[in-house]
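A short worksheet on the structure shown next.
Laboratory data are not the source of any read-out in this text; all were calculated from the coordinates shown. Everything numeric in this text was worked out from a predicted model, so none of it was measured. Cβ atoms come from the backbone with ideal geometry, glycine included; neighbour counts cover every protein chain shown.
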Amino acid sequence: MKFDPSSYKTVSCNGFQMAYQRSGSGPTVLMVHGITTYSFIWRKIVPLLEDEYDLVRVDLLGCGSSDMSSDFDLSLKNHATLLIEFMDQLGLEKVHIVGHDIGGGIAQLLGISHPERFHSIAMLNPVGYDYWPVQPITSMRTPVFRQLAMAAFDRGYYKSIVRKATFRESTYTDELNELFWSNFDNPRSKKSFLRFAKCLNNNDLMEVADQLKQMKLPVLILRAEKDVFLSAGITSRLHDDIPESTLKIISRSGHYMQEDAPEEINVELKMFWRVS
């Protein structure tokens, strides 16, 4: 599968072009990817859900086919603000939201700041509290290491990250590597990614940590059994803190669990949404 920008539509949000794909019919689900990825990460789950749900897969600012720059505000707070504008532009009054990695952190902020806009929250291997950022992201946040990363950021380097973030042998393919690399195949996109890494600040989530205990939305937390990047402490603490939350462990899957275990995720999401 090749990265095809022509398959995306765009809307203007606070002066930025935000790209997205949309398919299916039924209740609307907003799908938000994490850092190092873009909306392609939902490719194996979409065919399993679009018979029952209207799926909107957004490229966050600075990623995929959305606007990129080395000086954008790519903090979680600003992403959350832009996603509300994105929903307004598409006329989405109330949706289910699914967030992976950084997308899970953004979903936490949105569930606290705009609970009236969401039926439910599902988080897949989410960031949380002050247990993140983690390597290799942390090393890219200082000027010296950013320059080294820019010079060393080639296909071989990124392949090693993808390999570490997947668990099942059959998941790690040349096709998957090409899809990931499409987000980093020119200096502008690399600089945008490094800007994203620099803007990450766990204070964005620590500031609202206590408010998670008052969250009224139903929340599903999916943790990959073999995620080597994000600590299991994040998901267990989120489950402890959020009153209406359910925690499920997806076996034999890594950080990019959408690639390792799409069928298992599909089952859990559908069960969750039917009672939310």
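When the dipole is taken about the Cα centre of segment 1-95, and only Lys, Arg (+1) and Asp, Glu (-1) are charged at their Cβ, what size is it in debye, to the nearest 20?
240 debye
Look at Ile121, Ile249 and count the other Cβ atoms within 10 Å of each Cβ; fewest to most, that gives Ile249, Ile121.
Magnitude of the charge dipole for segment 5-275, about its Cα centre and with charges confined to Cβ atoms of Lys, Arg (+1) and Asp, Glu (-1), is about 520 debye. For segment 111-118, backbone phi angles converted through the Karplus equation (6.51, -1.76, 1.60; θ = phi - 60°) give residue-by-residue couplings of x, 8, 7, 9, x, 5, 8, 10 Hz, Gly and Pro being listed as x.
Relative contact order for segment 5-275 using alpha-carbon pairs under 8 Å, separation at least 6, rounded to a whole percent? Mind dumping the intermediate values first?
Values: 526 pairs, mean separation 57.7, N = 271.
21 percent.
Got a sec? How would Thr171, Thr81, Thr10 order by Cβ neighbour count within 10 Å, fewest to most? Ascending number of Cβ neighbours within 10 Å: Thr10, Thr81, Thr171. Listed from fewest to most Cβ neighbours within 10 Å, the set Cys63, Cys199 follows the order Cys199, Cys63.
How would you classify the chain from its alpha-carbon gyration tensor, with a ≥ b ≥ c the square roots of the eigenvalues: rounded for a/c under 1.5, else prolate if a/b is greater than b/c, otherwise oblate? The shape class here is rounded.
Note on the chain: GNM, Cα springs under 10 Å; of Ser69, Ser231, Ser25, the largest mean-square fluctuation is that of Ser25.
For the chain, adding -39500 (n - 2.57) for each run of n ≥ 4 DSSP H residues and dividing by the number of residues yields -11000 deg cm²/dmol at 222 nm. Taking amide H as placed 1.01 Å from N in the peptide plane, Leu220 has its amide H under 5 Å from the amide H of Ile121, Ala122, Met123, Thr246, each at least 5 places away in sequence or on another chain.
Each residue of segment 253-259 is assigned a 3J(HN,Hα), and the resulting list reads 9, x, 4, 7, 5, 4, 7 Hz, derived from the Karplus form 6.51 cos²θ - 1.76 cosθ + 1.60 (θ = phi - 60°), x at Gly and Pro. On full extension, the segment bounded by Ser69 and Glu50 gains 3.6 nm, given 0.36 nm per residue less the C-alpha separation.
Around the amide H of Asp54, modelled in the peptide plane, lie the amide H atoms of Ser25, Gly26, Thr28, Val29, all under 5 Å away and 5 or more residues distant in sequence or on another chain.
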